[in-house]
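Below: one structure, written as structure tokens.
Computed from the coordinates by the stated procedures, all read-outs in this text should not be read as laboratory data. Here the structure is a predicted model, which is why all the values come from computation and not from measurement. Every residue, glycine as well, gets a Cβ built from its backbone with ideal geometry; the counts of neighbours run over all protein chains shown.
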Amino acid sequence: MLAEPAPAGTAQPPDAAHVTEAFEALLADGERIEPRDAVPDGYRRMLVRQIAQHAHSEIIGMQPEAAWLTRAPTLARKASLLAKVQDEAGHGLYLYSAAETLGVSRAELLDALHSGHQRYSATFNHPALTWADTGAIAWLTDGAAVVNQVPLCRTSYGPYARAMRRVCQEEAFHVRQGYDVLWALCRGTPEQREMAQDAVTRWWLPAVALMFGPPDTVAGGADERAAAMGAALTRRSIAWGVKQHTNDELRQRFVDNCVPQAERLGVRLPDPAIRWNEERGHYDFSPIEWRQFRDVLADGSHCARRRLAHRVAAHQDGAWVREAVDAYAAGRDGEER
Ligand code: FAQ
């Protein structure tokens, strides 16, 4: 049964059962849910949380690579990095617009990000130390984003699914761009090859672990309780057609994609457990210890504080643009009256 239980001590609104019934009928018919459709509160909350976290990740995720715009080695590299960083800002905008159709404003969502009430992917709480990081970020984190987000093009909520189609096309291009940066370095001087290897070594685990969320396959081990909770949430998400696959299935797909690409590049993935498993038809890799990321997840790292402070400063610096837009709109309203 998909209906959310009413919070303790509150009565279900009288038409909640009808809303759930009509909503489930649409899902069962394979129809998209659109902004005009009434939806259960739990579905709306789940989507606002996921879309907001996603939008925040895009606009914070711009920062590590943007730090290299002024130091790109050639004009062509600078132009393509600039376009990539602008694409990420655009993804944030499509996603905030999709969230607005669920009755929450962009200003509210940005406030929640700035005050720490909503999260962004902790992947971006890692620093970009050298030019090679722009290659590793685009190859690995955008590569993970494509694996995670292509299924979201078929997610049950129409505005989110439509935003994801464009996002995925652009992310796929970013992966090629990152691969090309690494390819050039791997065929350069020994120092350049070393720089590429170092960047891949540092970005591998953040991409594998954090871009797919917590483990949701319960197989014993230290994170078993967390995985059980994650599995329950994932089941709910799949039943509502928001996600199509578990986090762990997508993580496996990502590892399977990357191993042969790393071999072609000539870089080593920093996980001694990676090896082809004939029986499973997949690459084995080390289990993800979610607790290992406690600091970056708790937004307690130096890098996390810098990311948020930079974002808040950019928002404050842009206040005059928002005021000018409001003044222009008010002037036009006056003229029309
Ligand atoms: N970092 O939320 P659940 C991109 C928290 S796109 C920090 O149940 P789920 C493109 C989570 O908030 C990147 N916190 O996990 C780009 C929650 O805590 P709370 C984003 C995290 O839904 C590339 C708790 O853990 N992609 O970056 C993280 O199963 C390059 C429990 O987790 C999407 O958003 C984390 N990584 O999986 C941009 C795609 N993960 O709120 C620039 C859509 C979890 O209870 C440069 N989203 N937490 O306090 C999804 O697929 C999922 O929401 C996941 C999370 C996979 C992100």
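The trypsin sites (Lys or Arg not before Pro) of the stretch 33-71 that DSSP puts in a loop, and whose beta carbon has at most 12 other beta carbons within 10 Å, are R36.
Computed about its Cα centre, the charge dipole of the stretch 171-309 is approximately 420 debye, with only Lys, Arg, Asp and Glu carrying charge at their Cβ. Distant-in-sequence amide contacts of H282, defined by a placed amide H-H separation under 5 Å and a gap of 5 or more residues or a different chain, comprise N277. Applied to the stretch 190-198, the Karplus parametrisation 6.51 cos²θ - 1.76 cosθ + 1.60 on θ = phi - 60° returns per-residue 3J(HN,Hα) values of x, 5, 5, 5, 5, 5, 5, 4, 4 Hz, with x for Gly and Pro.
Of the residues S97, S57, S105, which exhibits the maximal mean-square fluctuation in a Gaussian network model of the chain defined by a 10 Å Cα contact cut-off? For the chain, modelled as a Gaussian network with Cα springs under 10 Å, the answer is S105.
At 222 nm, what value in deg cm²/dmol follows for the chain if DSSP H runs of at least 4 each add -39500 (n - 2.57) and the sum is divided by all its residues, to the nearest 500? Result for the chain: -20000 deg cm²/dmol, rounded to the nearest 500.
Mean projection of the Cα convex hull over all viewing directions, computed for the chain: 21.7 nm². 3J(HN,Hα) couplings calculated from phi for the stretch 67-77 with the Karplus curve 6.51 cos²θ - 1.76 cosθ + 1.60 (θ = phi - 60°) are, in sequence order, 4, 9, 4, 7, 10, 4, x, 9, 5, 5, 5 Hz; Gly and Pro show x.
Between the residues A232, T155, Q86, the greatest Cα displacement towards the positive end of the dipole of the chain, with unit charges on the Cβ of Lys, Arg, Asp and Glu, is found for Q86.
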